[in-house]
Amino acid sequence: MQALPPDLASLADYERHAALRCDPSVWQHIAHGAGEANRAAFGRWGLLPRPLADPAGGSTATTLFGQAHAAPLLLAPVAYHALVHPQGELATVRAATALETTTVASTLSSVTLEDIAATAQAAAVELRRTAPPPLWFQLYLQPDFARSLALVRRAEQAGYGVLVVTVDAAIKRAEFTLPPGVRAANLADEPVAPLHSAAVGAGGVFGSALAAQAPTWATIERLRAETGLPLVIKGLMHPADVLRARDLGADGVIVSNHAGRVVDGVAPALTQLAVARAAAGPDYPLLFDGGVRRGSDALKAMALGADAVLVGLPQLHALAVGGVAGVAHMLHILRTEFELAMAQCGLTRVSAINRDLLVGL
Ligand code: FNR
């Protein structure tokens, strides 16, 4: 912790420092998207404090898909952590283990999913814990279903407890070439799936291989039939799609617009949360990501219907600035701010968070 710059008191501070430390082309790559719109949506809601409530016995503990979580705050899947730190995801997962936070490991991680799981186990032993926090795996469907399935089997084998399938980035422009030494470690033996379309000018989308290979609802049904892991669909924004996911047997949905990185002009993710909740019904597991930078943001998202929230970019900011200590500190800040916001709103349990805490501004 002593190696960290002294003026780091918020996730925004980490972002500011990271901008100065990252290679400019890496920074441009990680920062692009409609993150601003996601952030701004939180400003349209205000929290209503409830003083005088007794905070004794308060807890952020929650249960998701039968697993105990210390708090409803998770690390979103983010590709290629090695872009900002030599240990990449291994540093991130060590910090997450220390802070009892679930990692959702990306298909496009720069170390293998097996190494991430083993590092989490080793960190738990070092910390004298009985087990690391639950680990989840995020799947990008590969053009060849057998390859997708091979990734799922590896994740099952390595002890990942939830399968998150990201569906919102299959049709996307390519804009970044990985620097030497950074690779999609999980896909090392295979040609990297053409997840992104060729550069503008190289032809359209309709009729291209990209469109032909894009997963559809039928692919999700197939996946559902193939795994016993809880299946969570990440990247739905339309309430009808949330309903369809629920009806085909997905165990949960992450309302997300991929940090606004895919669809030009996409709506802020937060604006879709309440309608998604209305469509899914009160008990369906609904998670959220997109622009969460403060504990109060997490509380607002939960008041609008999320059962838990994930943070994406702040992982890379913290990793770039302070490695393991940076990510641990970032998670500590977020968790502390969340507890503060809960206590100030008179809440001692996550299950008590509800829409009455908010006023529209
Ligand atoms: C992402 N995201 C993402 N999602 C996913 O399912 N698999 C992935 O590999 C990645 N990679 C990735 C890289 C970078 C640089 C960013 C910024 C995002 C999306 C991510 O999981 C999440 O949806 C958003 O990042 C959430 O928004 P915030 O918290 O970054 O504002």
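The values are calculated or read from the model by the stated rules, or taken from the named source; none is laboratory data. Keep in mind it's a predicted model, so treat the numbers as computed, not measured. Because the Cβ atoms are built from the backbone with ideal geometry, glycine has one as well, and the counts that use them run over all protein chains shown. Heads up: the accessible areas ignore ligands, DNA and RNA and are worked out on the full protein's heavy atoms, side chains in. Shrake-Rupley method; radii C 1.70, N 1.55, O 1.52, S 1.80 Å.
Data overview
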read-out: Residue match in the range 214-226 (condition: among the small types (Gly, Ala, Ser), modelled with pLDDT under 85 and open to solvent by less than 50 Å² (accessible area, probe 1.4 Å)); value: no
read-out: Pro143 assigned to a loop (DSSP other than H, G, I, E, B), more than 15 Å from the chain's Cα centre (by Cα) and without any contact (Cβ under 8 Å) to a residue 60 or more places away in the chain; value: no
read-out: Segments classed as strands (runs of 3 or more DSSP E), wholly inside the range 1-106, with at least 2 members that are of a type in the set (Val, Ile, Thr) and at pLDDT below 95; value: none
read-out: Test result for Ala185, modelled with pLDDT of 95 or more and over 26 Å from Leu64 (Cα atoms); value: yes
read-out: Hits in the range 146-174 - residues which are more than 18 Å from the chain's Cα centre (by Cα), within 13 Å of the ligand (Cβ to nearest atom) and assigned to a loop (DSSP other than H, G, I, E, B); value: Lys172
read-out: Those residues of the range 253-304 which are of a type in the set (Val, Ile, Thr) and either over 16 Å from Val104 (Cβ atoms) or surrounded by fewer than 22 Cβ atoms within 10 Å (Cβ to Cβ) (or both), in sequence order; value: Val262, Val263, Val266, Thr271, Val275
read-out: Cross-chain or 6+ apart pairs with Cβ under 9 Å, the range 104-130 first and farther than 26 Å from Phe288 by Cα, then among the hydroxyl-bearing types (Ser, Thr, Tyr) and surrounded by fewer than 18 Cβ atoms within 10 Å (Cβ to Cβ); value: Ala124/Thr130
read-out: Residue in the range 286-297 that is within 13 Å of the ligand (Cβ to nearest atom) and part of a helix (DSSP H, G or I) present; value: yes
read-out: Test: Asp307 is touching a Ser or Thr at 6+ places or on another chain (Cβ under 7 Å), at pLDDT 95 or above and crowded, with 20+ Cβ neighbours inside 10 Å; value: no
read-out: Count of the range 131-145 residues which are surrounded by fewer than 17 Cβ atoms within 10 Å (Cβ to Cβ) and either within 12 Å of the ligand (Cβ to nearest atom) or modelled with pLDDT of 95 or more (or both); value: 1
read-out: Count - residues of the range 241-273 that are assigned to a loop (DSSP other than H, G, I, E, B) and away from the ligand (no atom under 13 Å from the Cβ); value: 7
read-out: Every residue from the range 215-228 that is within 16 Å of the ligand (Cβ to nearest atom) and assigned to a loop (DSSP other than H, G, I, E, B); value: Pro215
read-out: When residues of the range 119-140 are limited to those that are within 20 Å of the chain's Cα centre (by Cα) and in a loop (DSSP other than H, G, I, E, B), the one farthest from Gly252 (Cα to Cα); value: Pro132
read-out: Condition broken by Tyr160, with the remaining ones in (1) of a type in the set (Ser, Thr, Tyr); (2) open to solvent by 40 Å² or more (accessible area, probe 1.4 Å); (3) at pLDDT 95 or above satisfied; value: (2)
